[in-house]
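Quick notes on the structure that follows.
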Amino acid sequence: MTIPDFQTVMRPILERLSDGRTVATKDLIAAIADEFNLSEDERAQTLASGQRTIYNRVHWAFTHLSQAGLLERPVRAHLKITDAGRRVLVEHPTRVDMTVLRTFPSYLEFRERTRAKKSETTESKDVPDEVEAEISPQDLVEQALAENQAAVEGDVLKRALALDPAGFERLVLRLLKDMGYGRDGTLEHSGRSGDAGIDGIISQDPLGLDRIYLQVKRYDPSQKIMSPTIREFVGSLMNAQGDRGVFITTSTFSSGAEDVADRVNARIELIDGPRLATLMVRHGVGVKPETTIVLHEVDEDFFESL
């Protein structure tokens, strides 16, 4: 039997989890292979990257279902169906695919992140969600990379939100360290939970003469940072005789807050949740590489030289 595509396995995955159990991902992959009566050769078939094809297809299904909120990961390498996933099984008794997933706002946000990442990495025309055979391998890789990054950014932001305030402050300091700040000086965690003052200080030189002050807020994405909060940070910055500050949040900033940051007589950099997630992935904070793919093309210069 032909190895199913990732959309075809979506409903079977939800069916396997419909009893509410938390199941290991490796067991789900094996169960899907059994359900589609895959031969040993088909189960062993690999992509150019060396990853097994059925593993790849089922894991992409996991990603899409999770981004729509139909699956959750209660523990590492395990999955569980959500209430929304159960409703989808009832409402769509024959097939669950991307058309169904697009009815969920969280999935539409995921697709928007994917499109944004694709526009950053390629100037080619937008690739349809349903991958066509004519798409080049490079386009497929670019789409996969964009989709993976969009999913991972969403996941790391959720993990950051789950930290306690002190843990989130340590996360931010680790990110700034890996970005190169404080390399010739120090990174100091100075804040206290609930403190409206300074949460951290970056000393860019050994004597501490060149300082950047930090404020971090672990807010729900629906709770915007408003202008009074930025004014408080500016006041704390002035009290510390500082002229540079960075305000980092898991949420977003109101236009009024951005206006305050632009108008004050100090350099204030605002980093919202989406940008924070992008920086974490870019600098390898809280993520690790999974697969390396090398694409080849004919070296015309080589053949011309023979």
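Listed by first and then second residue, the pairs linking a residue in the range 99-123 that is modelled with pLDDT under 75 to a residue that is crowded, with 16+ Cβ neighbours inside 10 Å and of a type in the set (D, E, K, R), with Cβ atoms under 9 Å apart and 6 or more places separating them unless they lie on different chains, are Lys118/Glu142; Lys118/Glu147; Thr121/Glu142; Thr122/Asp139; Thr122/Glu142. Of all the residues in the range 239-254, those that are touching a Leu at 6+ places or on another chain (Cβ under 9 Å) and surrounded by fewer than 16 Cβ atoms within 10 Å (Cβ to Cβ) number 2. Flag set for Gln204, criterion: touching a strand residue (DSSP E or B) at 6+ places or on another chain (Cβ under 9 Å) and at pLDDT below 90. Report those helices (runs of 4 or more DSSP H) wholly inside the range 21-88 carrying at least 1 residues which are assigned by TED's automatic domain parsing to the domain that holds Asn148, under 28 Å from Val156 (Cα atoms) and in contact (Cβ under 8 Å) with a residue 40 or more places away in the chain. Answer list for the range 21-88: 25-35, 53-67.
Evaluate the following for Arg231: is it more than 20 Å from Gln149 (Cα to Cα) and of a type in the set (Lys, Arg)? Answer is yes for this residue. Quick check, is Pro93 of a type outside the set (A, V, I, L, M), touching a Lys or Arg at 6+ places or on another chain (Cβ under 8 Å), assigned to a loop (DSSP other than H, G, I, E, B) and surrounded by fewer than 12 Cβ atoms within 10 Å (Cβ to Cβ)? Here the answer is no, as Pro93 does not meet what is asked. Take the conditions (1) of a type in the set (Gly, Ala, Ser); (2) in contact with a helix residue (DSSP H, G or I) (Cβ under 7 Å, 6 or more places away or on another chain); (3) surrounded by fewer than 16 Cβ atoms within 10 Å (Cβ to Cβ); Ala257 misses just one of them, which is (3).
A quick yes/no check of all residues on (1) touching a Leu at 6+ places or on another chain (Cβ under 9 Å); (2) not assigned by TED's automatic domain parsing to the domain that holds His64:
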site: Ala150; (1), (2): no, no
site: Ile202; (1), (2): yes, yes
site: Pro206; (1), (2): no, yes
site: Asp220; (1), (2): yes, yes
site: Leu237; (1), (2): no, yes
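Hey, does the range 58-65 have a residue that's buried (at least 16 other Cβ atoms within 10 Å of the Cβ) and touching a strand residue (DSSP E or B) at 6+ places or on another chain (Cβ under 7 Å)? Yes, the range 58-65 contains at least one residue that is buried (at least 16 other Cβ atoms within 10 Å of the Cβ) and touching a strand residue (DSSP E or B) at 6+ places or on another chain (Cβ under 7 Å).
The values are calculated or read from the model by the stated rules, or taken from the named source; none is laboratory data. Being a predicted model, the structure only gives us computed values, none of them experimental. Positions of Cβ are backbone-derived with ideal geometry, glycine not excepted, and every protein chain shown enters the neighbour counts.
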